[in-house]
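Structure record follows, encoded as structure tokens.
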Amino acid sequence: MSRRWILWCVVLLAAVPAANTSRPLLAGDWDWPNVTHLFKGTPLDVHAPAACENCGHEGCIERTPVQDCVVGKKEVFKTSIRYEYVSIPETRYRWQLKCITKDIPSEGCKTVCENKEVERPFQVERWDKQQAGCNELHCKSCVTQTEKLDTKVCKEEQGKTKIKVHYWSCVKVPYTVYRQVKREVCVKQPCHEKVEVNVTRYVCEHCGGLGCKFCKH
């Protein structure tokens, strides 16, 4: 079975070049996939035919505008009405017995502190020396001196003060409620519709050998 398969491969490879020499090669003429599908699992280096070459000579192309009508898609929107509920806050009041804390201004005495410079007596030692024969006699005595010190002096003055009181009283207390309101909401959805429009397209004629196989529109 393996020898017969190899023989068929050789025959196919020999027949492909002979079949293509009967007419000139044009772009897209070789149907290589129809041949290479026989060699599944075998890598082949298949080269496509050379592309159309327009260089090397001069020529003219006649390009003619043509008015045509084509069909396109236009984006439009469909609208619909939906409903949703929103919450609107509203302030209301009720009467309630509450403990009230309040500061009441009042006349009273207040303590005022200020800095004051005062004199303070203190004693320091003094040594006197006397000569007693061949010896020296040192005698100690205390001397009173004064010094100034910064002190803080407090006093009371007439002024304003406050009295903090607590009492129960019936007062108006605010609270919040929410109302549900139904409102309309417009919703749009994109869609397309077919329309006909006029366009200008061009047709190439008398290409003078500057096109591949034929003039491309």
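The values are calculated or read from the model by the stated rules, or taken from the named source; none is laboratory data. Fair warning: this is a prediction, and the values are worked out from it, not measured in the lab. Here the Cβ positions follow ideal geometry from the backbone for every residue, glycine too, while neighbour counts run over all protein chains shown. Areas reflect the complete protein model, heavy atoms only, side chains present, ligands, DNA and RNA absent. Shrake-Rupley method; radii C 1.70, N 1.55, O 1.52, S 1.80 Å.
Points to keep in mind about this one:
- Subset of the stretch 55-92 [modelled with pLDDT under 90 and among the hydroxyl-bearing types (Ser, Thr, Tyr)]: Thr64
- Criterion (within 30 Å of Val171 (Cβ to Cβ) and within 50 Å of the chain's Cα centre (by Cα)) met by exactly one of Lys98, Lys78: Lys98
- Of Lys172, Lys194, all but one fail to be assigned to a strand (DSSP E or B), in contact with a Phe, Trp or Tyr (Cβ under 7 Å, 6 or more places away or on another chain), at pLDDT 90 or above and open to solvent by 70 Å² or more (accessible area, probe 1.4 Å); the exception is Lys172.
- Selected residue (criterion: nearest to Val153 (Cα to Cα)) from residues of the stretch 116-131 that are touching a Ser or Thr at 6+ places or on another chain (Cβ under 7 Å) and open to solvent by less than 100 Å² (accessible area, probe 1.4 Å): Val118
- Applying the criterion of being surrounded by 10 or more Cβ atoms within 10 Å (Cβ to Cβ) and of a type in the set (A, V, I, L, M) to the residues of the stretch 100-115, the residue that is nearest to Val165 (Cα to Cα) is Ile100.
- Some residue of the stretch 81-91 being open to solvent by 90 Å² or more (accessible area, probe 1.4 Å), of a type in the set (Lys, Arg) and within 30 Å of Cys186 (Cα to Cα): yes
- Subset tally (residues that are β-branched (Val, Ile, Thr) and over 17 Å from Asn198 (Cβ atoms)) for the stretch 62-85: 3
- For the stretch 150-169, the criterion of being modelled with pLDDT of 90 or more, polar (S, T, N, Q), out of contact with any His (no Cβ under 6 Å at 6 or more places or on another chain) and surrounded by 10 or more Cβ atoms within 10 Å (Cβ to Cβ) is satisfied by at least one residue.
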